[in-house]
Every structure is written in C-alpha cells, then in structure tokens.
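Read-outs: derived from the displayed coordinates by stated rules, not from any lab. Just so we're clear, the structure is a prediction, and the values are computed from it rather than from any experiment. When we count neighbours, we look across all protein chains shown, and the Cβ atoms used for this are built from the backbone with ideal geometry, even at glycine.
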Amino acid sequence: MFKYDKDTKPYYIKNFIFYIFTFVVVAAIYYFAFLPPLLDATSGEFFSEFGLRQFVGSLFFLILILIPFGLIYGAFYHFKGFTSKDVRAHQK
C-alpha cells in the first residue's frame, strides 16, 4: 500500500513543488504590486522627511523581504529530502 507521511519521498516532492510554486507567485506579486510604488516613493523627498510613517513603511518592506528567504529555505529543505538515498539522513 502507498504510505504518504513525513518519512516518504512523495511528501518531500509535494512540498518542494508547493514551495517553488509559492515562491513564483510571491515573486510575481512583489514585482507587479510592490515594486512600482516602492520605486516611486523612494525619491529624494522620501528621505528628506523621514518620520514615523516612512519608518513603518520601510519596516513593512523589510519584513516582506524575509518571506522569500523562508520559501527558498523550505524548498531547499524538501529538495534535499527527496534527493537523498535515506530520507532521514538530512534530519540528523
């Protein structure tokens, strides 16, 4: 019978595909939704009047930068899981 749990290669393959797909979607959202306003907002005026509102906006974008790194880490982890001969070898 086909067992589908954390110790099987299909689990890692499915999650690897999920992380790659999610990364592509997030990258498209960042490129088309966040990049144009960010390029417009980061002019000389933005930095000449840097206050609380600009700080919170900058913090928001710094937090958004961490999300793709987490997706890349998850994809790499699951890629390593389904390419190893022993599925538990990478967990040690």
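Given R₀ = 25 Å, what would the calculated FRET efficiency be for residue 35 paired with residue 69, taking r from the Cβ atoms and rounding to 0.05? Mind dumping the intermediate values first?
Details: r = 17 Å, r/R0 = 0.70.
The formula returns an efficiency of 0.90 here.
What full-extension length gain, to one decimal in nm, is calculated for residue 59 and residue 18 as 0.36 nm per residue of separation minus the Cα-Cα distance? Don't skip to the answer; put the middle values down first.
Numbers: separation 41, 0.36 × 41 = 14.76 nm, distance 2.75 nm.
Separation in residues times 0.36 nm, less the Cα-Cα distance, equals 12.0 nm.
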